[in-house]
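Every read-out reported here was derived from the displayed coordinates using simple, explicitly stated rules and does not represent laboratory data. Since this is a predicted model, take the numbers as computed values, not measurements. Glycine gets a Cβ as well: all are built from the backbone with ideal geometry, and neighbour counts include every protein chain shown.
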Amino acid sequence: MKYLFSIIIFLHAAIHLMGFAKGFKLAQIQSLSSEISVTSAIFWFVAFALFVISAIGFLFERNFWLVFAVFAVVISSVLIISTWSDAKFGIIPNLIILVVVVISFSSLSMKKMITRETHGILSGIDSSESKIITDTDVNELPTPVYKWIQNTGMIGKPVIQSAYVKQKALMKMKPEQKDWKPAKAEQFTVMDVPAFIWTVNMNIAPFIKIKGRDKFVNGKGEMLVKMNSLINVVNEKGEHMDKGTLQRYLGELVWYPSLALSPYISWETIDEFSAKATMNYNGTSGNGTFYFDEKGDFIKFITLRFKGNEAEAKRYPWILTVDDYAVFEGIKVPSKMKATWKLEEGDWTWLDLEITDIKYNIKTIIN
């Protein structure tokens, strides 16, 4: 689509050379019956140049293209109105370009917001050297959790203070949805002052893109989903959202094993293969149960989450299951997982996730 739109701009730019050529009497342009002065001809050329610059900027993903495109559309539209009978159809590509400018500007604004929020959580990372995890640090945890941490290779490595997780996924937005939609996502997570920022991009139809951002900061959760970064599809916050994002943060500790030692998390042994974790942070609390196999690998997380943010929303089992594992920076973690709601009408597996990269103890945003 990027190349198609660039071609549209280039072709639209080239048409403006007709007005330039006629004004300077460089060629006979039969399709332009209106008289064009030398001054107007200069503006026809200016519009051409602005469109070309904006097309190049768009093609190479440079933000300056937006400014050049706006000026080009304004000048072009004035010229088209002045020669309306001959050039009226030129207003169509101008409208197309203007729509893309508005969408791109909204996307840029949302990206800047997410970047600002991410800088905010990363700024709270302790800059001192991370403590090395020893067997003594974890041997008082419930036996299955202790065995799991040993199995991950966390012993002898620095405490994980922050992480960048790159993901690709298949998603179903509604229980009745039959086809999976591919998506790409990334997440920044901080441990000392619990927080995460998760961003997802998904194409749901031609010309329709979904961009979402989940965050958990200061014990508060928020979900924002926009169509083409312009129209709000979801914009939720509140007590249910706070609890749900905290429970998600808790379940994802399996990617950051040393987080099990967080002072905000307490553990309760259930049996030799499972343990219950409860997290309390900044007035928000939640819990969930972690299940492990006989080898010490994590296999499942179950918690009761509110499905919906309305006051009357009900809680249902929300389950993370593991399909495969991978080693990132010497730490073995689940790399392929599914998330499922167990609803009254049946199970809804809405996420099929694959971790493609994890970088630990990052200090700044990774592009």
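Couple of notes before you dig in:
- For the listed peptides 202-215, 24-37, a ranking on the average number of other beta carbons within 10 Å per residue, highest first, reads 202-215, 24-37.
- Relative contact order of the chain, pairs being alpha-carbon contacts under 8 Å that are 6 or more residues apart, as %: 13
- Dipole-positive endmost among 303, 177, 254 within the range 128-360 (Cβ charges, Cα centre): 177
- Karplus (6.51, -1.76, 1.60) ³J(HN,Hα), θ = phi - 60°, over the range 301-316, in Hz, Gly and Pro reported as x: 10, 10, 9, 9, 10, 6, 9, x, 10, 6, 4, 8, 4, 9, 9, 9
- Mean residue ellipticity, 222 nm, helices only, the chain: the sum of -39500 (n - 2.57) across DSSP H runs of n ≥ 4, divided by residue count and rounded to 500, is -11000 deg cm²/dmol.
- For the range 217-222, putting each phi into the Karplus relation 6.51 cos²θ - 1.76 cosθ + 1.60 with θ = phi - 60° gives couplings of 9, 6, x, 10, x, 7 Hz, in residue order, rounded to whole numbers and with x for Gly and Pro.
- In nm, spacing of pseudo-spin labels at residue 136 and residue 268 (7 Å Cα→C-beta vector): 3.0
- Here the gap between residue 314 and residue 8, fully extended at 0.36 nm per residue and compared with their Cα-Cα distance, gives a gain of 105.2 nm.
- Between helix 65-82 and the chain there is an angle of about 30 degrees, using the helix long axis and the longest principal axis of the Cα atoms.
- Here residue 237 is the anchor, and the aspartates and glutamates within straight C-alpha reach of less than 20 Å, apart from those fewer than 8 places off in the same chain, are 117, 214, 222, 310, 312.
- Computed from backbone phi with θ = phi - 60° and the Karplus coefficients 6.51, -1.76 and 1.60, the 3J(HN,Hα) list for the range 178-189 is 8, 8, 6, 10, x, 8, 10, 9, 8, 9, 10, 10 Hz; x is used for glycine and proline.
- Normalised by 2.2 N^0.38 Å, where N counts its residues, the alpha-carbon radius of gyration of the chain equals 1.30.
- Paramagnetic reach from residue 207 in the range 77-95 [backbone N under 20 Å; point 7 Å along Cα→Cβ]: 89-95
- Here the Kirkwood formula puts the hydrodynamic radius of the range 59-190 at 20.7 Å, using every distinct Cα pair.
- Subset of 307/359; 157/332; 181/359 violating a 22 Å alpha-carbon distance limit: 307/359; 181/359
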